[in-house]
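Throughout, read-outs are computed from the coordinates displayed, never taken from laboratory work. As the structure is a computational prediction, the values presented were derived from the model and not from experiment. Please note: Cβ atoms are built from the backbone with ideal geometry, for glycine as well, and neighbour counts cover all protein chains shown.
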Amino acid sequence: LPDPAGGSGGLSCPPRMDPFVDTLQRLREAFVSGRTRPAEFRAAQLKGLSRFLQENKQLLQEALAQDLHKSAFEAELSEISISQNEINLALRNLRAWMKDEKVSKNLATQLDSAFIRKEPFGLVLILSPWNYPLNLSLGPLVGALAAGNCVVLKPSEISKSTEKVLAEVLPRYLDQSCFAVVLGGPQETGRLLEHKFDYIFFTGNPQVGKIIMTAAAKHLTPITLELGGKNPCYVDDNCDPQTVANRVAFFRCFNAGQTCVAPDYVLCSPEMQARLVPALQSAITRFYGDDPQSSPNLGRIISQKHFQRLRGLLSFGRVVIGGQSDESDLYIAPTVLVDVQETDPVMQEEIFGPILPIVNVRSLGQAIDFINRREKPLALYAFSNNSQVVKRVLAQTSSGGFCGNDGFMHLTLASLPFGGVGSSGMGNYHGKFSFDTFSHHRACLLRPPGLEKIYAIRYPPHTPRNLRV
Ligand code: NAD
């Protein structure tokens, strides 16, 4: 059989019956033809994406409601309009982003032209997760198409309704010789990854991230890994508990807690905890009523497997708010846990549900030590009326992103790069950062063909006169 790892440059030679061969061959040929390079072509794809969103808004809202019980508000805010904004920004700036970037020169290159050319990598693979199945497919896709690549999108098989819309409807809006959606779970994705891609963009959990990185390493394929982890939320004694509770509860329960940048746990003093718990109860009741299960504004857990995992986490520490669950509805109530130990599973794994443990610390220094003992998070939050406290947390810790006195508002700014550090990921995107992520930055120097007499000074035999120059 031919070697599935393939040779260099072109498409590999996988065994017969490989379901991806024809698709990948088609996209590879389209890229080599140069069709995706002109700005007009790229703009046409971005406009296609925009039309896809506009013409299928209701279908997408329904799919997101089926997958995650997403409210129309959450679907609009965190899936549809956020994707639309990325498209609009790329369309407005496409030609400027594509322009060669002139760079400064040294004495020996004064007469040359030196610049960075942003060129497409070629065939890009985007692997997306189920928690924001539209936004986390379209966001990277905007960058990859704007940068002039051909793209294979593999949405999550878990968010089935959205996967169906992406597979059946989205391709109609794009040039299908340059774009394809492929379907499958871990097994099919493993098979797909045997092929050589020119760039892989993965959003998902860190364990799977290692599998993706290992597969990419076989072909020396560059990657971006957008991963997850536990995002600490430090609450200083000097702040208004109700304001903090409103913001923490809102961002913890958004999408039923299934957000990679959600505040995962609170670090505060026992005194602040005593003030924060009733304030959290008040916020949760105001947001979702006395019976959150009947609220149209609270999402559901994506699957039985994740539901069981989350229900298991409810048995650590002491439940002071919520704690109810209903397997038939995949419902977990907004829950707050206290008396949690650092070694409890709820403090070991990313929670990814509407459960908020509170861990007590005696001082800001102890909170910073606690954060720094653990893997670097994707996001870190600090609440205080004293800006020096927020600045100290920022200065003495590391994380993919940081927000003082609120939840994940930093990711709404396309002018900020979005990505992790350490085990929460590598690389970043959003706005121009997406375009740059999906572009090879080619170092170019164009020298005039003449002037040989000047350049001849470089050639041997070298004399003391050469060295003086
Ligand atoms: P996941 O890693 O299980 O799945 C992501 C993608 O990888 C899916 O398309 C899936 O089909 C594929 N996949 C799963 N197992 C695989 C395997 N063994 N081999 C090859 N491919 C495989 O992630 P998920 O459960 O869909 O999403 C939740 C995780 O994603 C959380 O950890 C969350 O923090 C993280 N996340 C990160 C970001 C970010 O931007 N950093 C955003 C959303 C979610």
*If you bin every alpha carbon distance in region 291-373 into 5 Å steps from zero, what whole percent lands in each bin?*
3, 14, 24, 22, 16, 10, 7, 4, 0
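Can you pull out the trypsin sites (Lys or Arg not before Pro) in region 342-400 whose DSSP state is coil and whose Cβ has at most 13 other Cβ atoms within 10 Å?
Of the trypsin sites (Lys or Arg not before Pro), the ones in loops of region 342-400 whose Cβ has at most 13 other Cβ atoms within 10 Å are Arg362, Arg373.
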*asked:* For a Förster distance of 25 Å, can you work out the FRET efficiency between the beta-carbons of Gln308 and Ile211, rounded to the nearest 0.05?
replied: 0.65
*Given only helices, namely DSSP H runs of n ≥ 4 each adding -39500 (n - 2.57), what is the per-residue ellipticity at 222 nm of the chain, to the nearest 500 deg cm²/dmol?*
-11500 deg cm²/dmol
*asked:* Below 9 angstrom from the Cβ of Gly148, what's the summed charge of the other residues (Lys, Arg +1; Asp, Glu -1)?
replied: +2
_Farthest toward positive dipole pole in the chain [+1 Lys/Arg, -1 Asp/Glu at C-beta], among Leu394, Ser315, Gly407_ = Leu394
*Report, largest value first, the span of the C-alpha coordinates of region 40-199 along each principal axis, in whole Å.*
63, 36, 25
*What is the antiparallel percent of DSSP beta bridges lying wholly in the chain, to the nearest 5?*
35
_Residue among Leu183, Val169, Ala216 farthest towards the positive dipole end of the chain, charges placed on Cβ_ = Ala216
*For region 340-469, what is Rg from Cα atoms divided by 2.2 N^0.38 Å, rounded to two decimals?*
1.82
_Using a 10 Å cut-off around each Cβ, can you sort Leu27, Leu364 from fewest to most neighbouring Cβ atoms?_
Leu364, Leu27
*asked:* Using 20 Å as the Cα-Cα cut-off, could you pick out the over-long pairs in Lys57/Lys164; Lys391/Lys432; Lys305/Lys376; Lys160/Lys305?
replied: Lys391/Lys432; Lys305/Lys376
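Would you mind ranking Lys102, Lys453, Lys47 so that the residue whose beta carbon has the fewest other beta carbons within 10 Å leads the list?
Values: Lys102 10, Lys453 7, Lys47 13.
Ascending number of Cβ neighbours within 10 Å: Lys453, Lys102, Lys47.
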*So, with +1 on the Cβ of K and R and -1 on the Cβ of D and E, and no other charges, what is the size of the charge dipole of the chain about its Cα centre, to the nearest 20 debye?*
2120
*Among Met347, Met426, which comes first, second and so on when ranked by fewest other beta-carbon atoms within 10 Å?*
Met426, Met347
*asked:* Residues of region 371-387 with backbone nitrogen within less than 18 Å of a virtual label 7 Å along the Cα-to-Cβ line of Glu349, please, listed as ranges.
replied: 375
*asked:* Starting from a Cα-only point model with no solvent, please compute log10 I(q)/I(0) by Debye for the chain at q = 0.08, 0.09, 0.10, 0.12 1/Å.
replied: -0.54, -0.66, -0.79, -1.05
